[in-house]
Amino acid sequence: MRAPPYWIDYAPWRMKIHGLVTSKYFDLAIAGIIGLNVVTMAMEFYMMPDELTYILKMFNYFFTEVFILEAVLKVAALGGRRYFSSKWNQLDTFIVVLSVIGIILEKMESDLIPINPTIMRVMRVLRIARVLKLLKMAGGIRALLDTVIQALPQVGNLGLLFFLLFFIFAALGVELFGRLACDEKHPCEGLGEHANFFNFGMAFLTLFRVATGDNWNGIMKDTLREDCDERPDCFENCCVSKIVAPLFFVIFVLMAQFVLVNVVVAVLMKHLEESHKQAEDDLDIEAELEAELAAQEEILAKCEIEPLHAPLQLPVEPINRIPKVVSLPDNFIYTYFEHEITN
């Protein structure tokens, strides 16, 4: 049997609140409020006039009150345990608490005690988290986030593979291009103070820049210069063979940009497809269960409609006749039933 709904024992006033917070129009209204809040946050700029600062502050108070009212109504309709069992509702509560703390700190800064300006800037920045409330209402984005979370173990393994690739090529780059000079006598197009192979750390960062495609051909061109020393015992402005340098950068770019990145995308797409398939299977199972429940309810309803005093239809048994007896009249026939003989 299907369990009764959790709201079966609700009072009438609580049922009204439940119907309000579970309606799609309530979610649309909250989404509109969040969108308006995003617009007001985007209107802030440096050295705002006092009038605009006051208006935006009043808007912030209004939005905070709306979000508090939303949380209170949902707790009253769903109950505390059911409300906080959802991660998205926990995020909503966290955003409301941050908003209230920010308003309290602003009042304390202006009225009572001085507050560190850095803390106030952090609290103002954290108000951007209100945009995350929109994710709760976007089913597609939520499915994508769930897919990314499910794919994190495999993406983590690919991240280790990325690190191994960068580690190998950074050590190799220090050995090959670590003594390549970039100065007035030897100008460079890509290499410089913030992109070089002088040590392992800078080589790692330079390779990250190459992996993003930022002037990696200029860096490769610097390693192919003509005015350099190719001797094995070189100590300054040393370069390698004109064949080794292109192979180094071409292999790294192919591996980093075209292979591993596409593998990460393929892993995410695979998990996204599996999540869509699982969602469709869940919908099919729910539809089958609803159809079975509807059929059972229909059968029970028919059984209740049939009258209880209907006559019981018993099978008719054949009548066995015995032959006539000489001492009885000619027109006399004796009948008997099998249950009488058995008894």
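The values are calculated or read from the model by the stated rules, or taken from the named source; none is laboratory data. In this text the structure is predicted, and so the values were computed from the model without any measurement. With ligands, DNA and RNA removed, areas are computed over all heavy atoms of the protein, side chains included. Shrake-Rupley method; radii C 1.70, N 1.55, O 1.52, S 1.80 Å.
Within the accessible area of the stretch 49-169, the carbon and sulfur atoms contribute 73%, probe 1.4 Å, all protein chains present. Rounded, prolate or oblate for the stretch 149-197? Axes are the square roots of the Cα gyration tensor eigenvalues, ordered a ≥ b ≥ c, and the cut-off for rounded is a/c under 1.5. Prolate, since a/c reaches 1.5 and a/b exceeds b/c.
Checking the cross-link pairs K107/K136; K24/K133; K221/K270; K24/K302 against a 27 Å limit on the alpha carbon distance flags K107/K136; K221/K270; K24/K302 as lying beyond it. For the stretch 196-249, the per residue solvent-accessible surface stands at 56 Å², with DNA, RNA and ligands left out and a 1.4 Å probe. Here the extension length gained between S241 and L158 equals 26.7 nm, from 0.36 nm per residue of separation less the Cα-Cα distance. For the stretch 231-277, the normalised intensity computed at q = 0.24, 0.25, 0.26 Å⁻¹ comes to -0.85, -0.87, -0.89 (log10 of I(q)/I(0), Debye sum over alpha carbons, equal scatterers, no solvent).
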